[in-house]
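Below is one structure; the comments refer to it alone.
No value in this document is a laboratory result; all are computed from the given coordinates. Remember, it's a predicted structure, so these values are computed and weren't measured experimentally. Counting neighbours? That spans all protein chains shown, and the Cβs are built from the backbone with ideal geometry, glycine included.
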Amino acid sequence: MFLMENNARIAMLLRQIAALLEEQGVDFKPAAYRRAAKVLDELKRDVSTFNDLKELEALPGIGESIAKKIQEYLKTKRIAALDKLLGMQGGISPALMEVEDLGPKRARQLQMALGIQTVADLIKAAEAGKLSGLPGFSEIMQAKILENAKHVSERVRRFPREELKDDVAALLKKIWGVRGVERCEVAGSFRREKETVGDIDVLVVTKSAKDVSDAIAELPIVHDVVAHGDKKLSFDMAVGTPLRPALLQAKVLGSAGQVRVDIRFVARDQWGAALLYFTGSKEHNIALRKKAIQSGWKLNEYGLFEGEKVIASREEEDIYRALGLPYLDPVKRLG
């Protein structure tokens, strides 16, 4: 997955804190947490790339307290203050709090009235029309919550890589067939050959990103476009191979047969840096950035820089060589 997922995840948790504080009647703080969440949503770099607390605090709307919570999540994948708030609110299911527009009052209502504890429970109840029979739940609200609950499921769904290989090969073939595509390759955990894959990351080089993005969006394999521009195209793609029952039983996989595809359009002379960055893993990228810093350089998805001067960017091998490191096969980029 792209590293920017940290931003979206932490933003969601900050909104949960805001909702819980608001229900307690706390003034001012909820607005501050929502403001910080909006900043993270719009941030152009992953929060894990910030070197220290002061860098985070330099962001608009991010004070010391919230900056520490961001760092806490990056280290532990949890925020203790949120866990405490959930405990104080009568045991509201953390899973339900991840559903946008649900909120603590509605989550508690669903738990008490229908025994709903998980997102899967919520989806099943909403699809059966059980929510609209409750006070305060109209059919429109039920449909909205159902849609948001399905989005939560998408974030945790994973597929066996082996069962996506044919789908990915077909996707790349279709993209290569679009006029104007000069280079195309899959990145992310699929390129690192992880056993399971949450989404498909693809990089494309073209001089006419808008036209290519429009052409790909019209392909028959594309469903439910969620982002469409000359920098990024995101959509769902149906998975043709049945999911492996053993992994379904182990709850590794989601139940739906669609996988999210994120296509990034990059400049030809930045191909290597972008492919390196979006292949990951996060831990490997952080290690390379630290190596660059030791030489007084900066490494990001656009290249390896000394000030404004580009040291390397065209190919991955160029960047490893400039850093004095042997090229590392994607499979060995742990994480």
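Couple of notes before you dig in:
- Pairs exceeding 24 Å between alpha-carbon atoms, taken from K207/K332; K232/K290; K29/K77; K38/K210: K207/K332; K232/K290; K38/K210.
- Considering only Y33, G63, L13, the residue lying farthest towards the positive end of the dipole of segment 1-79 is L13, judged by Cα position with unit charges set on Cβ.
- Each peptide among 76-86, 186-196, 291-301 gets the average number of other Cβ atoms lying within 10 Å of its residues, and from highest to lowest they stand as 186-196, 291-301, 76-86.
- Close amide H partners of V197, meaning residues 5 or more places away or on another chain with modelled amide H under 5 Å apart, are F159, R161.
- Sequence-separation-based contact order of segment 1-105, relative, with Cα cut under 8 Å and 6+ spacing, percent: 31
- DSSP H segments from the chain that extend 15 Å or more along their own axis, Cα-based, with Kyte-Doolittle mean of -1.0 or above: 5-23, 29-42, 64-76, 103-114, 139-156, 161-176
- A straight chain from L134 to R321 at 0.36 nm per residue would run longer than the Cα-Cα distance by 61.0 nm.
- Anisotropy class of the chain from Cα gyration tensor, a/c 1.5 cut: oblate
- Distance from segment 164-232 to segment 262-282 (C-alpha centre basis), Å: 13
- Counted by Cβ distance under 11 Å from R333, the other residues give a net charge of +1, where Lys and Arg count +1 and Asp and Glu count -1.
- Computing FRET efficiency as 1/(1 + (r/R0)^6) for D211 and A143, where r is the C-beta to C-beta distance and R0 is 45 Å, gives about 0.80.
- Note on Q294/K165: beta-carbon distance plugged into 1/(1 + (r/R0)^6) with R0 of 51 Å gives a FRET efficiency of 0.85.
- Simple label model, 7 Å out from Cα along Cβ direction - H151 to V225, nm: 1.9
- With the simple model of a label 7 Å out from the Cα in the direction of the Cβ, A287 to K232 spans 2.7 nm.
- Length available on full extension from V26 to T76: 0.36 nm per residue minus the Cα-Cα distance, which gives 15.3 nm.
- Linear extension gain, R183 paired with R45, 0.36 nm per residue minus alpha-carbon span: 47.3 nm
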